[in-house]
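Step one of this worksheet: look at the structure below.
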Amino acid sequence: MTSKTNETSQTNWEPKIIAFLCNWCSYAGADLAGVSRFQYPPNIRIVRVPCSGRVSENMILSALKSGADGILVSGCHPGDCHYISGNYFARRRFALLGNLLDFIGIEPGRVNFSWVSAAEGEQFAEVVRTVTEKVKELGPATRLVKKIEAMQAA
Amino acid sequence: MPKGSVLVVGGGISGVQAALDLANSGFLVHLVERTTAIGGKMSQLDKTFPTNDCSACILSPKLVECGRHLNINLLTLSDLVSLEGEPGNFKAVVRQRPRYVDPTKCIACGLCAEKCPKKVTNDFNMGIGKRKAAYLSYPQAVPLKYALDPAHCIWINKPGRCGVCAKECPAGAINFDDTARDHVLEVGSVVLAPGFSRFNPTPLDFTGYGRLPNVVTTMEFERFLSPSGPCMGHLERPSDGKEPKKIAWLQCVGSRDINRAGHPYCSSICCMFALKQAVIAKEHSHGDFEPSIFYMDMRTHGKGFENYYTRAREEGVHFHRARVHSIIPSPDNQGNLKIRYVNEQGKVNFEEFDMVVLSTGLEPYRHTIELASMLGLELDADNFVRTDSFNPVATSRPGIYVCGAASEPKDIPQSVVEASAAAAEASRILAPVRWTETSKKVYPAEQNIYAQAPRIGVFVCHCGINIASVVDVAAVSAYAGTLPDVVFSQANLFTCSQDTINQMISIIKEQDLNRVVVASCSPRTHEPLFQETLRDAGLNKFLFEMANIRDQDSWVHQREPEKATTKAKDLVRMAVARVRGEGALPYNTVAVTKAALVIGGGVSGMTSALAFAEQGYPVTLIEQSDMLGGNGRKVFRNWKGVEFLPFINDLTARVASHPHITVKYNTEIKEASGSVGKFSTTFSDGRTFEHGVTVMAVGGEPYKPEGQWRFLHGVNPNVHTLLELDKKFIDDDPTLKNIKQAVFIHCVGSRIAERPYCSRVCCTHAIDSAVKLKEMNPDMDVFMLYRDVRTYGQRERIYQEARAKGVVFIRYDLERLPQVSEKEGRLIIKCHDPIIDAHVVIQPDMLVLATAIQPRRQSSTSLAKFFKCAIDSQGFLMEAHMKLRPVDFATEGVFLAGLCHYPKSMEESIAQAKAAAARASIILAHDAVPAESVTAVVTAAKCTGCGLCTEVCAYNAVSLDDNGISVVNTSMCKGCGACVAGCRSDAVTLKNIGNEQIMATVDAAFE
Amino acid sequence: MRLQPSATGNFLHWRYVMTEIDLSPLRADLKKLFQEKLPNARIDYCLTCGLCASGCPASDIEGMDPRKFIRYLALGQDDLLRNTNWLYSCSICQRCEYACPMGINVGRFVYELKGMRPKELRPKNLQKSCELQKESNSTGIPNADFVWVVGDVLEETKANEPEWTDLTAPIDKVGAQFYLNQNAKEPTVEPEEMVFLWKILHAVGIDWTYSSEWWDGANYCLFSGDPKDWEYVTRKQAETVDALGCPTYINTE
Amino acid sequence: MLFSTLEGLKRFKIPHNFNVVSIISLYAQWIREGRLKVSPAWNTEGLKFTVQDPCKLVRQGLGDPVADDLRFVIKQVCGEENFVEVWPNKSNNYCCGGGGGALQAGFTENRRKHGLMKFEQLHATGADVVITPCHNCHTQIKDLAAHYGGKWQATHLWNWIVKAMVR
């Protein structure tokens, strides 16, 4: 647990955020943000998934376990899903997951969910800026992190 | 029997698109290109509007595909010298000039150019900088083969002298005795896409072009901007290499000019070209950069163009509605240029610039004129190839079609649409001989890598300066080499260029790689190209991952290079972790139902339906009303004076009577399912129709004037919209003649916050109506209140004709809208003339509003749901790529045409409708199309039979078999993964995107 | 239409400034007149792009520039055009037409309007120059004086400058190869300036002559805007040269 | 003057059996033929020359060819290195503001305002002499120098030709 905090002092610490983006809308929106050169903080690491409906709860918990300071899952606007209903399932799944996260003490704002369409480059950059800001305020994630202290022991 | 092949003349984007469409729908294509490489003018562009895509990045995949296409016979350095015969059976003689380099041997190592002593002006870079007599026209040229320039090569001119290249060439490819060859080709149809040339401003002495070094044309400036240009993308001005801080663009140089330049037409692209250059130049220079544009009308009439213009204003581009008489050298500081201009209020201003860019217009290419006279094709008054009002790709000679800027100045999206339309027309009479002259692609045997330990190859891309200017590519490539299981890592200038593609194939074989990672741009655009490369190297194409270090890294973290480089390393590490766990997947296919559904019975819908029917495919055309013709019936005539009604009646008759077309009136869609190749749609009458492709042509509707844009419409009887006036023209209303004064107001509802787009055709329509009124009664006073007159292309002639007939144009803007009031029924219109700064009062007998065209919002949104296509913020249907896939949707098998895509003229809708049919018939031409390979699979032992997966699957591709274990039907499964996320017992996984791969990828983010 | 006092306070310089124009009906009589008289007038072709105004040195004088001039024509503001003193600021130099995308020759209409002004309302000594031009020459010196001055200056030069003793300045020499016209300014004010020219012609050794009548090449009736007077003077000059039978007419500018 | 004769003959279709030439083209022709021998040797202290392209002679008259002849003669007479080109030039040059009757019409303030661009153009060359082969330009450019403080003298061509003549 400790290795994470002393290694990065509070001031220049940069959170690392895993972003699960659905291939048809949010990933395309991220590309459009690139094409339009909308700048946003470099903290997110995008993982392309076919649909936001593909992202399950244990994927998020496992990402937190691996040390992610923040999670963003972004899919198509309701009704736009390339696979018709994937994003509806995702919405319901995260509503329930939210309760579990509160219960186990994960601060609200660590795990975020958004809709971004293929035409919303600006909005995508905005979502990334707000999520990064929120996670920065929360500071490094400590609750679930299970780092094997290999370096520590050696 | 006709010949199953087509001759395409011209290797620009239009020719390449036509060649690909034809070759992919079963015809052998002979592509004749005059220069040493295909790509045409687009390959000289740095960025393209309105998406600011790097031109090479969106063009090279098409060129590479064309270069390696089995059924495209690419003949470079060639010209069509004679053509005989009639449609279906032409005999063409093509003369191929000598390349002096044997293409089969040349490996494009570049040694011949390096050692060649003879320097020649580089005409690819518009004469700026030098190249050698042994040369490659540009770095990503296709075919990537060197050539000797006969005009300048020392040996060719004086045999025995020099010959350095022959000595240096490792492959012995140089052949000084190479001679011209004639190819006799028997083809069924001919498509001409010979392109255009740019106006040479030297005769306009007042521009100083040719004497003042810092006065350049837009094409020359584009080469300055391009990373593969003479100064590698850093802006240096010609006179002293200084970085220019203030640049002026002068519009309409050589266009809309009947005095010195002799071109009355508008070249249609120069406004957007200048806007793009101003925005991109501002991006290139760090710090204070002041672009200014001097113009008459800012013509941003295409899709997404008006937004681009608004954003340019916000980003600090200065706009002066003033043309400039002369450019003179600045007396005090060397190299600078001084411009005197008068703003609209008549105030004289002086301003100094570091550089001036002349927006030179388009001209007919002299080779096109020679070609047309050789083929006996008619040219129009501006020397462009004459086409028919209702068939924009047909020339005056049957069997020969034309597309691109050779028939009228037009932008790339329109040229690509016309290319596909020409493909439709060219293959119409050749339908029976499809696939008779083509050969099938045979992939090398696929290596079974199941038992092998992962051996991963990583290719990191510079993408010119797009990635390399921010991310330390060498460091990322070196880092990738250190990752576990990575056995090879290399950095490339342009990974998508053909030479790197070929290199990858040999590297995969030599290094015995069984997985590949490419770190470059977005998989959405380049994954298919690289997957095809894996297959050519005998590797299953799904053993591949991309790290998006451009659109999602270098482009969005431009001011934080170190963090962007660390992020790039993370993304590569994640991609390697992901590809490590991936296995080979089967190439599933779906049988194609050879039938088409066309939605919307307007001109676009009918034209598409006919195009399908004439190719022999059964079509069902559904129309929500009880009559075919749609908006076409409400419009009177086009700007050339040709009335629409006779054409529409004839078209309706042909559609209604065609054996292959079933027309269903008063029909809507109740329910639709399936995907490319196998759609099944249920109509409101309950009947279901199986079809392989769908074309949406649901049209648009006129904006009903309201709020401040109402102008008493519906209150005063003399206020009409353009369509209401057209109704009077169609009914030949006698009262029109005795109108003494008429006023038109442009942009009613367009180019405002609610509808921030230009409806493109209302200027032409309004001005043509004014001309019609003047024809009826020359003494009538007609006033047009406009914001920008956007009679683009050859439509400018109608604008000039209107002015010549005495129509008065008065400009207004959003700050000073015209005020319309009435007194005892008499209309009173007050507006302000900016030139003489005076208020003008007009009391016309008629006021006509040029209202906006808007999408049929509810029908587009409901259809988009059924067929999963995207809709843009305005409610127009969103095509896959604005520039290079203007008629496809991102969803395979669904296409669009007409007003539902964006407002457009009748002939542009017709072109798009034929293009949609051509693109769709590529699918119908095949018996089976590739289906999703990334599908779900169940581990029976783990399955508890709870059935949750069957409930969440939107395609009911999962069901429980008789002993309660779930099973996936791979032909229905679309690979969305909803079942995998829902399954509680981890029994079902998605091939290659299982939980292990995703968790490995996430973990890799933190090492 | 209201009068705006000009900075100089001089009444002649007050300018008519447009405030509100009623275009119902639009009566552009001057424009129609010019269009009938000059078939390629192209007034209506104007795109109001401002290129002419940006190239015209007389822009923003008297509140006028070539673009506004054409605009006033198109919108029928004929009185303003008839009264503007800009007619005498525009030198009809055609620089506007030189680069105008529609090739509109604004100066041609300025010339017409100058001609339309009643003679008594035209600038005094411009009109006088034209009257004198019609009699003999623009400065009005009698023809005899011209002949005398040429002779006198010739003799003086031959006397004072030994190497030019055989210098000649022939007048009315029938059959000379070259006819030379002579601007009235030199013989009237700076006669010695003519000697340079004679010396050059003598050095080259060409057979030239003046004429004693209609010797002044200038033609102020062009500037005053009177086609009839301009024709009259030009015709007189042509007749004189043909009478002398000289095949080449040298203009000393 | 040339334009009034040339255009007059054409516009009023006046029969005449002579052709009209500018003396400037003749100067150039005679120098090229060697019938008029000139040398710039007299210009020892490098007097700097520039030129005005009169509208009636160049743009409305004989165009760039006569403007080129004009420059050829000046360079022959006063030395190539002593000639300073103006911008814009030849058929695209500014009007000096003196022509069209402006000098005689009496609107002096407007005339000088018209001539301001010509003044700045000539002033920027730093020339000592401005060759003005037109009587209106001659008077106007002399007046502009006086009014706006220019250091040049406006002259015709023949004075310098005689100075440079080699007998």
FRET efficiency, C:Arg27 to B:Leu723 (Cβ-Cβ, R0 30 Å, nearest 0.05) | 0.35
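Take the alpha-carbon positions of the stretch C:200-253, form their convex hull, and give its projected area averaged over all directions (one quarter of the hull surface) in nm².
Working: hull surface 17.2 nm².
Seen from a random direction, the Cα hull of the stretch C:200-253 projects 4.3 nm² on average.
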Spatial separation of Cα centroids for the stretch D:13-91 and the stretch B:959-1007, in angstrom = 89 Å
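What FRET efficiency comes out for the pair B:Lys640/C:Asn40, r = Cβ-Cβ distance, R0 = 25 Å, nearest 0.05?
Values: r = 25 Å, r/R0 = 0.99.
The computed FRET efficiency comes out at 0.50.
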Can you give the percent of C-alpha pairs in the stretch B:429-486 whose distance is more than 15 Å?
-> 71 percent
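Starting from the coordinates of the alpha-carbon atoms of the stretch B:811-970, obtain the Kirkwood hydrodynamic radius over all distinct pairs and give the value in Å to one decimal. Each step should come with its number before you reach the end.
Values: mean 1/r = 0.0464 Å⁻¹.
About 21.6 Å, per the Kirkwood formula over Cα pairs.
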Once every Cα of the stretch B:312-352 carries one equal point scatterer and solvent is ignored, give the base-10 log of I(q)/I(0) from the Debye formula at q = 0.25 Å⁻¹, two decimals.
-> -0.90
Counting all Cα-Cα pairs in the stretch B:179-263, those more than 17 Å apart amount in percent to 64 percent
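What Kirkwood hydrodynamic radius, in Å, does the stretch B:835-890 give when the mean of 1/r is taken over all pairs of distinct Cα atoms and then inverted?
Numbers: mean 1/r = 0.0673 Å⁻¹.
Across the stretch B:835-890, the inverse of the average 1/r is 14.9 Å.
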Short to long, in 20 Å steps from zero, the percent of alpha-carbon pairs of the protein assembly as shown per bin is 8, 29, 32, 20, 8, 2, 0
Step through the table entries B:Lys640/B:Lys728; B:Lys145/B:Lys563; C:Lys128/C:Lys236; B:Lys740/B:Lys823, compare each Cα-Cα distance with 27 Å, and write down the pairs that go over it.
-> B:Lys145/B:Lys563
Can you tell me the relative contact order of chain B? Whole percent, Cα pairs under 8 Å, sequence separation 6 or more.
-> 11 percent
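Under the rule of -39500 (n - 2.57) per DSSP H run of 4 or more residues, summed and divided by the residues of the protein assembly as shown, what mean residue ellipticity at 222 nm is obtained, to the nearest 500 deg cm²/dmol? Before the final figure, lay out each step's value.
On the way: 50 runs with 523 residues, N = 1581.
It comes out at -10000 deg cm²/dmol, rounded to the nearest 500.
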What is the spin-label model distance, in nm, from B:Asp485 to A:Glu14 if the labels are put 7 Å beyond Cα along the C-beta direction?
-> 2.7 nm
With label points set 7 Å from each Cα along the Cα-to-Cβ direction at B:Ser285 and D:Arg35, the distance between them in nm comes to 5.6 nm
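Given N residues in the stretch B:198-240, what is Rg(Cα) / (2.2 N^0.38 Å)?
Its radius of gyration relative to the 2.2 N^0.38 Å reference: 1.22.
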What is the pair-distance distribution P(r) of the stretch B:707-852, computed from all Cα-Cα distances in 5 Å bins starting at 0, with each bin given as a whole percent?
-> 2, 9, 21, 24, 23, 15, 5, 1, 0
If you project the alpha carbons of the stretch C:2-117 onto their three principal axes, what span does each projection cover, largest first, in Å?
-> 39, 34, 27
Note, ³J(HN,Hα) from phi for the stretch C:200-216, Karplus 6.51, -1.76, 1.60, rounded to Hz, x at Gly and Pro | 5, 4, 5, 4, 6, x, 9, 8, 10, 7, 7, 10, 7, 10, 6, 7, 7
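More than 15 Å apart: what percent of Cα pairs in the stretch B:367-455 qualify?
Working: 2690 of 3916 pairs.
Value for the stretch B:367-455: 69 percent of Cα pairs lie more than 15 Å apart.
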Bin by bin, in steps of 5 Å, what percent of the Cα pairs in the stretch A:15-153 do you find, going until the bin that has the longest distance?
-> 2, 11, 20, 22, 19, 14, 7, 3, 1, 0, 0
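Quick check on the stretch B:707-852: of the DSSP beta bridges with both residues there, what percent are antiparallel, nearest 5%?
Values: 11 of 29 bridges.
Taking every DSSP beta bridge within the stretch B:707-852, about 40 percent pair in antiparallel fashion.
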Using alpha-carbon coordinates alone, the radius of gyration and Dmax of chain C in Å work out to 23.1, 78
Restricted to chain B, the DSSP antiparallel beta bridge percent, nearest 5, is 50 percent
Among B:Tyr401, B:Phe744, C:Leu154 the positive-end extreme of the charge dipole of the protein assembly as shown (Cβ point charges) = B:Tyr401
Selection of GluC sites (Glu not before Pro), the stretch B:819-881, meeting DSSP coil and at most 12 other Cβ within 10 Å | B:Glu824
With T = 10 °C, eta = 1.306 mPa s and Kirkwood Rh from C-alpha pairs, the Stokes-Einstein D of chain B in µm²/s is about 52 µm²/s
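Report the equivalent ellipsoid semi-axes for the stretch D:89-158 in whole Å, largest first, defined as the square roots of five times the eigenvalues of the gyration tensor built from alpha carbon atoms. Could you put the intermediate results ahead of the total?
Details: eigenvalues 59, 36, 29 Å².
Each semi-axis is √(5λ); the values are 17, 13, 12 Å.
Report the FRET efficiency, 1/(1 + (r/R0)^6), for B:Ala453 and B:His881, where r is their Cβ-Cβ distance and R0 is 25 Å, rounded to 0.05. Numbers along the way, then the final one.
On the way: r = 39 Å, r/R0 = 1.57.
Once the sixth-power term is evaluated, E becomes 0.05.
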Note on the stretch D:10-74: alpha-carbon gyration tensor, axes a ≥ b ≥ c; rule is a/c under 1.5 for rounded, else prolate if a/b larger than b/c, else oblate; result oblate
The stretch B:198-362: C-alpha gyration tensor shape, a/c 1.5 cut-off, then a/b vs b/c = rounded
Positive end of the charge dipole of the protein assembly as shown (Lys, Arg +1 and Asp, Glu -1 on Cβ, about the Cα centre): tell me which of B:Tyr902, B:Thr51, A:Thr142 has its Cα farthest that way.
-> A:Thr142
A correct Stokes-Einstein calculation for the stretch B:279-321, using the alpha-carbon Kirkwood radius, 20 °C and 1.002 mPa s, returns a whole-number D in µm² s⁻¹ of 191 µm²/s
May I ask for the Rg/Rh ratio of the stretch C:143-253, computed from Cα atoms with Rh as the Kirkwood radius, given to two decimals?
-> 0.99
Debye equation applied to the C-alpha atoms of chain D, log10 I(q)/I(0) at 0.14 Å⁻¹ | -0.74
Across the Cα atoms of the stretch B:936-990, what radius of gyration and what greatest pairwise Cα-Cα distance (Dmax) are found, in Å?
-> 9.5, 26
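Apply the Kirkwood formula to the stretch B:456-580: the hydrodynamic radius equals the inverse of the mean of 1/r over all pairs of different alpha-carbon atoms; give it in Å with one decimal.
Details: mean 1/r = 0.0717 Å⁻¹.
Final number for the Kirkwood radius of the stretch B:456-580 is 13.9 Å.
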Nearest-20 debye value, the stretch D:2-164 charge dipole, Cβ charges on Lys, Arg, Asp, Glu = 440 debye
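Only the coordinates and a few stated rules stand behind these numbers; no lab work does. This one's a predicted model, so the numbers in the text were calculated from it and none came from an experiment. Note that we place each Cβ from the backbone using ideal geometry, even for glycine, and neighbour counts take in every protein chain shown.
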